[in-house]
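These notes concern the structure reproduced below.
Since every read-out is calculated from the coordinates, none of them should be taken as a lab result. All values derive from a computational prediction rather than experimental measurement. Please note: Cβ atoms are built from the backbone with ideal geometry, for glycine as well, and neighbour counts cover all protein chains shown.
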Amino acid sequence: MRTLRVAIAGLGGVGRATAELLLSRRARYRHIHGADVRLVAACGSQSGLSDEEGLEADRLQRLENGLTGPDFIAASGADILIEAGPSDFRTGGPGLAYIGSSLSAGRDTIVISKGALIHSGRRLRDLARDSGAYLKLSGAAAAALPTIDLVEHSLKGCEVLEVEGILNATTNYLLDAMTTRGIGFDEALLEAQQGGFAEADPRNDTEGWDTACKLLILANFALDADLTMADVAVEGIQSVTADRINAWRREGLVPKLVGSLKRSDNKFRAEVGIKAYPPADAFANVHGKGKAIRITTDAMGETIAIGSGREPLATAGAALKDLEHILTARIPKTRPE
Ligand SMILES: NC(=O)c1ccc[n+]([C@@H]2O[C@H](COP(=O)([O-])OP(=O)(O)OC[C@H]3O[C@@H](n4cnc5c(N)ncnc54)[C@H](OP(=O)(O)O)[C@@H]3O)[C@@H](O)[C@H]2O)c1
């Protein structure tokens, strides 16, 4: 039985859900992967806890001040880092230092926040390549909706020609509510905020930045593009009026905020904006907090995935899918005698 030590940096809703799900799956990791997976460290911005024998869920309620930061994670002896801190694509956020230090040390790293991947994606990819560490990103790339995995596993070997994605659940909810129930943007937003799935400051979602981040992560990490935020034309939904919604309804079209990539001359053009779909299109039927992706390839035609899940559990599930990919790759299968 191989022992694998995991640390989690960032203990908000997603970090805690990830810790709990990981601990609840320990028997599975033993049985399927032959791995004794231990949570040896966890921290927030001010406090944390570590124990090389492994932490249990109840101990995460009693963090100790001062136990935090990339050096704290390194000292815990973790083999794998799961980073779940705040996202800030303009500065890279606190995740940048954790991810950089982890990859430099050759530690396999599962990233859930998007900021560092946008701010310093190329450097982080180079660090992972040079140290041989895995850098896994499902939680940052639309989480429960498979995006990177579709390209890297299901469509392996194909050339991706075009991608379209409804990548942000909040904006899909807002546009869906405005279209199907005829309510205004402000009313729909208040409803989403009261339901706890739109931020008090919703601009990162409504102005299209979150969709742009996920699109860039997919483009750069799965399709080997080299795009920055400056390369993406970004339009949000914040100024969609009732008149515009009514015009789409009259034409029998359903508006969606979509991130898209188009290959031409071996480069990708990226944009985020509203597209309106006829009712028979799969995208027109993605309702509420749903997400979807359509990938067109040279050999396998069009592939569509539609997915969503209850947050923060769904994002925790995506990060731990990455963990299982790492366990499969790192632990050699032994053949029964
Ligand atoms: N929520 C979702 O449904 C969802 C889905 C996909 C991806 N994500 C991404 O997942 C990440 C976490 O989301 P969340 O909802 O859990 O956010 P959150 O509740 O705001 O939690 C963020 C956590 O990061 C911690 N943190 C801040 N600075 C830190 C530092 N320097 N070192 C260690 N920890 C630090 C905070 O610590 P303190 O508590 O001490 O301030 C807090 O525990 C975000 O990047 C988000 O974009 C979220």
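Odds and ends about this structure:
- For the chain, the longest principal axis of the Cα atoms and the long axis of helix 313-330 meet at an angle of about 50 degrees.
- For the chain, share of DSSP beta bridges that run antiparallel, in % to the nearest 5: 60
- Helix axis angle, 13-24 relative to the chain longest principal axis, alpha carbon, degrees: 50
- Couplings 3J(HN,Hα) of the stretch 25-38, computed from phi: 9, 4, 5, 4, 4, 5, 5, 7, 10, x, 10, 8, 8, 10 Hz, in residue order, whole Hz [Karplus 6.51 cos²θ - 1.76 cosθ + 1.60, θ = phi - 60°; x for Gly and Pro].
- Pairwise Cα separations in the stretch 43-141 fall into 5 Å bins from 0 onward with the following percentages, short to long: 3, 14, 23, 25, 19, 11, 5, 1.
- Placing +1 on the Cβ of every Lys and Arg and -1 on the Cβ of every Asp and Glu, with no other charges, gives the stretch 195-337 a dipole of roughly 380 debye about its Cα centre.
- Whole-angstrom gap from the stretch 289-337 to the stretch 103-119, using each part's C-alpha centre: 18
- Taking 0.36 nm per residue of sequence separation and removing the Cα-Cα distance, the residue 266/residue 152 pair yields an extension gain of 39.2 nm.
- Added length on full extension, which subtracts the Cα-Cα distance from 0.36 nm per residue, residue 190 to residue 306: 39.2 nm
- Linear extension gain, residue 199 paired with residue 130, 0.36 nm per residue minus alpha-carbon span: 21.1 nm
- Entries in 214/262; 156/256; 289/321 that, when Cα-Cα distance is taken, lie over 19 Å: 156/256; 289/321
- Square roots of 5 times each gyration tensor eigenvalue, C-alpha, the stretch 148-301, largest first, Å: 28, 17, 14
- If you sort the three axes of the alpha carbon gyration tensor as a ≥ b ≥ c, you get a/c of 1.5 or more for the chain and a/b above b/c, which makes it prolate.
- For the stretch 148-307, share of DSSP beta bridges that run antiparallel, in % to the nearest 5: 90
- In sequence order, calculated HN-Hα J values of the stretch 39-47 (Karplus, 6.51, -1.76, 1.60; Hz; x Gly/Pro): 8, 9, 7, 8, 8, x, 6, 10, 8
- Formal net charge of residues neighbouring residue 198 (Cβ-Cβ distance under 9 Å; K, R +1; D, E -1): -3
- Here the calculated FRET efficiency for residue 280 and residue 229, from their Cβ-Cβ distance with R0 = 30 Å, stands at 0.30, rounded to the nearest 0.05.
- Overall form of the stretch 94-204 per C-alpha gyration tensor (a/c, 1.5; a/b vs b/c): oblate
- Neighbour-count ranking [beta-carbon atoms within 10 angstrom, fewest first] of 130, 322, 210: 130, 322, 210
- Summed over all non-identical Cα pairs, the Kirkwood treatment of the stretch 2-92 gives a radius of 13.2 Å.
- Nonlocal amide H pairs with residue 110, under 5 Å, H built at 1.01 Å: 81, 82, 83, 136
- Taking a straight line from the alpha carbon of residue 267, not one of the lysines sits under 17 Å away once near neighbours fewer than eight places off in the same chain are left out.
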